[in-house]
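What follows draws every value from the coordinates through simple rules; no lab data is involved. Keep in mind that what you see is a predicted model, and the values were worked out from it rather than measured. Here the Cβ positions follow ideal geometry from the backbone for every residue, glycine too, while neighbour counts run over all protein chains shown.
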Amino acid sequence: MKPLLSLQDVSLNLGGVQALSHVTLSIQTGEQVALIGANGSGKSTLLRLLNGLHQSNQGHVQLASCRQAMLFQRPHMLRTSSLNNVALGLWLDRSLHLNWKACKTRALEALSLVGLSGVKFQNAATLSGGQQQRLALARAWVRAPQLLFLDEPTASLDPPAKREIEALVHQLIKPDGQETPITLVFASHNLGQVKRWASRVIYVEQGRILADLPTADFFNADCLKQHSQQAFLFLQGETP
Amino acid sequence: MNTLTDSALTAFQLITSFDAGLLAIAGRSLGVSATACLIACVLGIALGAFLGVSKFTGRGLVLTLLNTFLALPSVVVGLVIYLLLSRTGPLGFLGWLFQFKAMVLAQVVLVLPVAAALSRQLVEDAEAAHGEQWRSLGAGNAVRCILLAWNERFALLTVVVACFGRAISEVGAVMIVGGNIEGFTRVMTTAIALETSKGDLPMALALGIVLLAIVGCLNVVLAWFRQWQDRHQQTGQNGLRGWVA
């Protein structure tokens, strides 16, 4: 089966820094892949490369041709209403050929799904961090993505906001009545979140993939130790 | 009483009596500078936003040139425009020399680099901070130019005021290309220079006060607008169904 995304021996140099080195990986439709690693390990760079935001210097990259969306740790909202922000996110996907009115109608539905109908005319830049992340999720949701990238989406949120976002993401990746879940690739430091969302875990260190295992195997100490001593040590450091 | 207080009193009388000559010069000044500022800001902000978002070969050279033009002496601009518009110059056929249009053109050339350089910095910072989020949503260079510049609209207002200040306070270029013709191309700065050289200090002082008052009023309006914006940002209220916040 042809993978949805694949990288073959890909390296990336950003401003003189070797951000990724000889990365090879493929992701199938419906997989939920977690990228974990220390700060500066290259997981966010890998995520951006997979989303097409970075161009590799070496190797072969096959990007997904399906509809996709990405959530960032700190979403940027324009100084306009929440409704306009979500509608604009949809309007920018010109493959959908939607006019502004249709975009707004769908944006209203998305706002209702994330529980932000009450602030639809409020300046999005004045919303709280949790609300802005929900709004970003609505902006992603409204595009009906088949592939979703998340870059530490709950890292800067308090526990209640984190729980809200997690519940919404869960709802988004496994919509009711849909056989195949949305393909999810996310970077996270939250191991609980990784256990809850991921079917596969990739450990990245200094721009290299050092472990790529199913979630159950990754969190099995013996199995992980056998595959990657570095990943094992990282996990020991992260686990209380 | 000394010359300064005498002049100040006479200047005050000229202003409060709405002296026709004074009002005509002030009106002409405002007309020239507002027109030049409008044209320069539209072109300059578009150019600045484009430079803030785009990456292309030779961009560094363009930015160096742009920053160099920030320090253009107004008399040099006046001289170049004069040569271009003079009867034997390449733009002589336009017949603009010693007219309102020539003064506007000279001020546009002076102010455009200011508008472009300042807006470029604003948009480039916004692009560095948020550009990739909009790229991930599918926004190309042109769309990001518009979105980020629009998002920085309040900061760009300061750029507009700075441009207007540069235009209205400039004397060298308009003196050369306008000729300081009474009733036609005499503006506040050229009139101040002339009246001072003639020894008519009250008129020069009155014009100086009007000039200061105009710039002062602009800054008051801008400060008020900023306060209004901050208040609305805090309360999260939105005007015009959300597009202007």
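Quick notes on this one:
- Linear extension gain, B:D200 paired with B:D125, 0.36 nm per residue minus alpha-carbon span: 22.1 nm
- Take the Cβ atoms of B:F154 and A:R94, set R0 to 41 Å, and the FRET efficiency comes out at 0.90.
- Longest to shortest principal axis, alpha-carbon extents of chain A, angstrom: 54, 40, 39
- Sites A:Q206 and B:N219, calculated FRET efficiency, Cβ-Cβ separation with R0 51 Å, nearest 0.05: 0.45
- Between A:M1 and A:K174, the contour length at 0.36 nm per residue exceeds the alpha carbon distance by 60.1 nm.
- Of the residues B:T68, B:L212, B:S169, the one whose Cα sits farthest towards the positive end of the charge dipole of segment B:19-235 is B:T68 (charges of +1 on Lys and Arg Cβ, -1 on Asp and Glu Cβ, taken about the Cα centre).
- Principal semi-axes in Å for the protein assembly as shown [√(5λ), Cα gyration tensor, largest first]: 59, 25, 19
- Magnitude of the charge dipole, chain B, Cβ model with Lys/Arg +1 and Asp/Glu -1, debye to 20: 620 debye
- Anisotropy class of segment A:1-74 from Cα gyration tensor, a/c 1.5 cut: oblate
- Per-residue extension of 0.36 nm, minus the Cα-Cα distance of B:N67 and B:D19, leaves a gain of 13.2 nm for this segment.
- Computed from the Cβ-Cβ distance with R0 of 45 Å, the FRET efficiency linking B:Q227 to A:D222 stands at 0.10.
- Shape call, segment B:19-235: gyration tensor on alpha carbons, a/c limit 1.5: oblate
- Of all DSSP beta bridges in the protein assembly as shown, antiparallel share, percent nearest 5: 55 percent
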